């Protein structure tokens, strides 16, 4: 720890605790705060205490210290203030763009626009939390650290697979890694027992006849990936394939390989190592889905919405086809909570979520990204068609005769007419939504 940080920590010991719990069963979580408001730091630590985290905390005082923590991983997590400390955000954007091994950063905000939060996450921030929702901090930290742990496990596994002749020879008898030897055309010549067991066969001869590697070797790009020489900066030189076990079950295998040289110095075939990563991919997929879902409604959350918009923008750039974004706002939710209770308010939110789920196609994405704010991403849908969808959903609540009665405001934006980025699309739809609210308010008065 830098000396200036040590002095700051000593000064602030009475303001917030350095360790929030002493439970020996919880691993120590090292957190650095790039935050000036010590009251909010104490609130954050108090939430972690309630969640039984064991924390060692310190305070970052300068941008140089921030860069050092971000690069060195001397802490597990950085909680940074935004927007009062915008210099932190600039450093995250700069470093995360060139370095995938940075310390995760979560921004604590006093309330920011959706497009700003989207920009922060796309530039490399792990997440953004408003201080009024600080109770979600423990859940977010667990998710961020789980994702970080998976990435580190993947990196360690890849490091183990750095091939050398000695490494390959050592793996021949390894019960964890499958190994095979094939010709320059991909015909299998030999396999180890681990690969036989991995694919559910009882004898080597059965698997040798299965012709697993011919398609991989005959594909020039897959072969280059296998050997780690694809030469593309945007392509990871790790090959993963879907193989079918003898019982028909699918297996995801990560492959690395090398050329085998003959005595005359010419290539004579290939040796391939196979690692079964099926469980790992299933776990990663489960965590991604959990991280992108809203706990109350089951719809995508803000992270899922940003991902869906990013996917549709890339698709539209390829195909030249437009898509639309609908924003919905549940009117007077506070009045519903005050009059009928928060349970009724939650049920009202779920009513709107159900309407969006039932009223959209399989290719659409419905999301809840705020307390009473929802979105619907409509691929290959023009502005006029999207407007009809919003009218249909708004009419549903005007005529459902359920108690409490609900009304919904909507705003629509179309790509690329109303914006060519996530931020501009959200802003355009937001403007349209509040224009509708203003119109309804004038009509009532």
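Taken together, the criteria exclude residue 156 from residues that are part of a helix (DSSP H, G or I), at pLDDT 85 or above, on the phi < 0 side of the Ramachandran plot and out of contact with any helix residue (DSSP H, G or I) (no Cβ under 8 Å at 6 or more places or on another chain). Against the test of being modelled with pLDDT under 85 and closer than 27 Å to residue 427 by Cβ, the options 320, 359 yield a single qualifying residue, 359. Residue check: is residue 240 surrounded by 13 or more Cβ atoms within 10 Å (Cβ to Cβ), within 20 Å of residue 277 (Cβ to Cβ) and at pLDDT 85 or above? Here the answer is yes, as residue 240 does meet what is asked.
At least 1 residues being in contact with a helix residue (DSSP H, G or I) (Cβ under 8 Å, 6 or more places away or on another chain) and free of Cβ contacts under 8 Å to residues at least 40 places away in the same chain is the threshold, and among the strands (runs of 3 or more DSSP E) wholly inside the stretch 241-336 those reaching it are 250-261.
In the condition set (1) at pLDDT 75 or above; (2) more than 17 Å from the chain's Cα centre (by Cα), residue 175 is compliant with all but (1).
Of all residues in the stretch 115-126, none are at pLDDT below 75 and either in a loop (DSSP other than H, G, I, E, B) or in contact with a helix residue (DSSP H, G or I) (Cβ under 7 Å, 6 or more places away or on another chain) (or both).
Yes/no matrix, rows are residues, columns are (1) surrounded by fewer than 19 Cβ atoms within 10 Å (Cβ to Cβ); (2) modelled with pLDDT under 75; (3) touching a strand residue (DSSP E or B) at 6+ places or on another chain (Cβ under 9 Å); (4) assigned by TED's automatic domain parsing to the domain that holds residue 46:
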position	(1), (2), (3), (4)
78	no, no, yes, yes
82	no, no, yes, yes
86	yes, yes, no, yes
89	no, yes, yes, yes
93	yes, yes, no, yes
97	yes, yes, no, yes
103	no, no, yes, yes
113	yes, no, no, yes
133	yes, no, no, yes
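Of everything listed in (1) under 37 Å from the mean Cα position of the chain (by Cα); (2) under 15 Å from residue 259 (Cα atoms), the single unmet condition for residue 189 is (1).
The values are calculated or read from the model by the stated rules, or taken from the named source; none is laboratory data. Please read these numbers as outputs of a predicted model, since none were measured by experiment. Reconstructed Cβ throughout: ideal geometry from the backbone, glycine too, with neighbour counts over all protein chains shown.
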